[in-house]
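Report on the following structure.
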Amino acid sequence: MQSISVLSTEYVRVGVRATVNGGPYNPTGGSVQFAFTRGTSRPEEWADAEWDDVPLPGTTTYVARCLIGPDTFPLAVGTYNVWIKITADLETPVRKTGQLQIT
């Protein structure tokens, strides 16, 4: 679980691997957003995010990142579920990707 201070402005990063017809696919042509929820609640507010345009070395994993912090997208102290939404041509997958601790 990633941990970030409530006073800090930092990127939350999520690795994304996509396939089309069984082969690797570069998802960076689609827009990407993150949501941060507590408990079992579903995402309601989405924060704009961006892509690192180059996959991780030696992989087909791309990284989406969302800047959070007091002056961007503030989160209170607590534990959050991290969600990602990718809007592409025909599909809009939404996935819970892990947790984030704000201290």
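The values are calculated or read from the model by the stated rules, or taken from the named source; none is laboratory data. All of these numbers come straight from a predicted model, not from anything done at the bench. Reconstructed Cβ throughout: ideal geometry from the backbone, glycine too, with neighbour counts over all protein chains shown. Accessible surface is based on the protein model in full, side chains and every heavy atom, while ligands, DNA and RNA are left aside. Shrake-Rupley method; radii C 1.70, N 1.55, O 1.52, S 1.80 Å.
Structure above, values below:
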| item | result |
| --- | --- |
| For the chain: relative contact order, % (alpha-carbon pairs under 8 angstrom, 6 or more apart) | 36 |
| Residues of segment 1-69: accessible area per residue with a 1.4 Å probe, Å² | 62 |
| Percent accessible area from carbon and sulfur atoms, the chain, protein chains only, probe 1.4 Å | 49 |
| Residues in segment 1-35 that a label on Asp89 would reach, taking backbone N under 19 Å of a point 7 Å out along Cα→Cβ | 17-32 |
| Correct choice for semi-axes √(5λ) of the Cα gyration tensor in Å that was computed from the model, options (i) 25, 20, 16; (ii) 25, 15, 12; (iii) 20, 18, 12 | (ii) |
| Positive minus negative residues near Ile68 (Lys, Arg vs Asp, Glu; Cβ under 14 Å) | -3 |
| Environment charge at Thr37 (Cβ cut-off 15 Å; Lys +1, Arg +1, Asp -1, Glu -1) | +3 |
